[in-house]
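Remarks on the structure that follows.
None of the figures in this text is laboratory data; all of them are computed from the coordinates on show. Quick caveat: nothing in here was measured; it's all calculated off a predicted structure.
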Amino acid sequence: MKYNLNVVGVMGAAVLLCGLSAGQAMAAPSAPVECETLLNMKIESNAQSTLYTLCMHTQETWFKNGTDRENLKGKVVVAGTKVEQGKYSDASMKLSDYETTLRALMDAPKKKIDVDRAQNVLLPDLDAAQIAVANLQ
């Protein structure tokens, strides 16, 4: 199969050559996710502050694997981007993805996250962010 790199783009060509889906290719960020990105977005202040708080508290939480932390922070930043674009249901889905991943880490047989902090800080922060996004709809 021939692909025109001008049409597909370099990332698309890499995805096609490696046999990955776009989601798999974009799953792991190559650089640390910066929570401050949320502060530069033009979004409603309550949603912005709750997303920023969730991101920062995620940054401050112990994870066995730093990739898990960056993955969760990335979900929060993408949720902020979706809010900025007015795609509130997409933002809600990203926050649901965050919760699913967080609960999987909490329920893992071997310790992958500070479960006490996840239960007492991250889940309440997540609830606040989900409410803030839902109130925008």
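Could you work out the relative contact order of segment 31-134, using alpha carbon pairs under 8 angstrom and six or more residues apart, expressed as a whole percent? Intermediate values should be presented prior to the final figure.
Values: 116 pairs, mean separation 34.1, N = 104.
That works out to 33 percent.
With a/c under 1.5 counting as rounded, go ahead and sort segment 31-134 into rounded, prolate or oblate using the C-alpha gyration tensor (a ≥ b ≥ c being the square roots of the eigenvalues; past the cut-off, prolate if a/b is larger than b/c, else oblate). Each step should come with its number before you reach the end.
Values: a/c = 1.94, a/b = 1.68, b/c = 1.15.
Prolate, because a/c is 1.5 or more and a/b exceeds b/c.
Aspartates and glutamates within cross-link reach of residue 75: Cα-Cα under 20 Å, excluding same-chain residues under 8 positions apart?
Excluding near neighbours in sequence, the set is 34, 36, 44, 60, 84, 90, 97, 99, 107, 114, 125, 127.
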